[in-house]
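These notes concern the structure reproduced below.
The values are calculated or read from the model by the stated rules, or taken from the named source; none is laboratory data. Keep in mind that this is a model prediction, so the values were computed, not measured. Positions of Cβ are backbone-derived with ideal geometry, glycine not excepted, and every protein chain shown enters the neighbour counts. Calculation scope for accessible area: heavy atoms of the full protein, side chains included, ligands and nucleic acids excluded. Shrake-Rupley method; radii C 1.70, N 1.55, O 1.52, S 1.80 Å.
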Amino acid sequence: MADVALSSPRAAPSRAANVWTYVRGHVWFVIAAVVVAAYVFAAAFAPFVAPFAPTEQDMMSFMAPPAWGPHLLGTDSFGQDLLSRTIYGARYALLIGLGAVLIGAGGGLVVGLAAGLIGGRVEWALMRLVDSLLALPSLIMAIAFISILGQGVDKVVLAVGVALIGPFSRTVRGDVLQVKAQPFVEAARLMGVGTLAIVWRHIIPNVIFPLAVQATIRVSYAILVSSGLSFIGIGVTPPTPDWGLMIAEGRSFVSFAPWIAGVPGAALAVLLIALSVVGDGVREQFDPKLKKEG
């Protein structure tokens, strides 16, 4: 009567061997993982990696092009070093992306568990609420929440996180309904195990791992939505080194100073592609639904 979340000691080496085989056979996954690790390192140690403070201005180098010297990737219209602002921008991008996904996954876990376990009218009401969240794109939902909450990094994290509750809720509800139908859950009920004990020992362990896999995939989307909010001027406020703000500023000078928007735009694109490749790799390796289909 062991559920699928529990594995024998012999299963651990086989899983590790499968992961190692996958890594050896997927070069792009390894490259993407290295790129993501580099972004995380730069974000964590931004004060030591960046050559300048993100808001430090060089009065003699306004809109300086990329060149070998103090400003390797050039400066913006305020004389701020683009390399430094891009490095600090990675910190805000990852902070917002991870924070929003944690909020969305946490809210989705609560709503999905309640809908899947209680059923009946409660499930109907919760799913209609989720449908209303999914009726509009996450960017539009985030704009609506930002208009209520106001601007700022914390507000963007909360707005994007709430907008992501809908997709996570549907994922969790579907997994809960599948686990409830498993024989080991029914056997636990027949043995007199309490409902809370069944949820804690059997339902949640079998739901939390697929949820974590989905959260890995959603990080890149959360970063894209938050950058979009800043780009249209309702997300993070200046002079925060946010990539969306930097791209929006460089839009006015793209004809004669394309590096102002190009540098943060390239950094954003590379991170999103790398996160997508890593997320797809994690999903292929660990998502039980894909393993069943295979």
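Apply the Karplus curve 6.51 cos²θ - 1.76 cosθ + 1.60, θ = phi - 60°, to the phi angles in the range 187-194 and return the couplings in whole Hz, x for Gly and Pro.
5, 5, 5, 5, 7, x, 5, x
Have a look at 114, 263, 61 and report the one farthest towards the positive end of the charge dipole of the chain, computed about the Cα centre with Cβ charges (Lys/Arg +1, Asp/Glu -1).
The listed residue farthest towards the positive side: 114.
Rounded, prolate or oblate: which fits the range 126-255, taking a ≥ b ≥ c as square roots of the Cα gyration tensor eigenvalues, rounded meaning a/c under 1.5, else prolate when a/b beats b/c?
prolate
Report, in whole Å, the centroid distance computed from the Cα atoms of the range 202-261 and the range 136-197.
Using only Cα atoms, the two centres lie 21 Å from each other.
Note down the nm distance, to one decimal, between modelled labels 7 Å out along Cα→Cβ at residue 178 and at residue 254.
4.2 nm
How large, in percent, is the carbon and sulfur part of the accessible surface of the chain at a probe radius of 1.4 Å?
In the chain, the share of accessible area belonging to carbon and sulfur is 70 percent.
For residue 129 and residue 147, compute 0.36 nm times the residue count separating them, minus their Cα-Cα distance, and round to one decimal in nm.
4.5 nm
Along the charge dipole of the range 91-286, which of 140, 250, 238 sits closest to the positive end, that is, farthest toward it, with unit charges on the beta carbon of Lys, Arg, Asp and Glu (+1, +1, -1, -1)?
Of 140, 250, 238, it is 140.
Over all directions, what mean area does the Cα convex hull of the chain project, stated in square nanometres?
18.7 nm²
Keeping all protein chains in place, calculate the accessible area per residue for the chain (probe 1.4 angstrom), answer in Å².
Computed with neighbouring chains in place, this is 51 Å² per residue.
Would any residue of the range 248-273 have its amide N under 15 Å from a label point 7 Å out along Cα→Cβ of residue 77? List them or say none.
248-262
Mind listing the phi-derived Karplus ³J(HN,Hα) values for the range 80-94, rounded to whole Hz, using 6.51, -1.76 and 1.60 with θ = phi - 60°, and x for any glycine or proline?
8, 5, 6, 4, 5, 5, 5, 5, 5, x, 4, 4, 5, 4, 5
Highest mean first, what order results for 205-217, 89-101 on Cβ atoms within 10 Å?
Put in order of decreasing packing, that is 89-101, 205-217.
Under 11 Å from the 7 Å Cα→Cβ point of residue 122, by amide nitrogen: which residues of the range 204-233?
none
Which value, in debye to the nearest 20, describes the size of the charge dipole of the chain about its Cα centre when Lys and Arg Cβ atoms bear +1, Asp and Glu Cβ atoms bear -1, and nothing else is charged?
1040 debye
Accessible area, 1.4 Å probe, largest first: how do 148, 234 sort?
Ranked from most to least accessible, the order is 148, 234.
Amide H to amide H, which residues 5 or more places from residue 78 or on other chains are under 5 Å from it, using H placed in the peptide plane?
Sorted by chain and number, the residues that satisfy this are 63.
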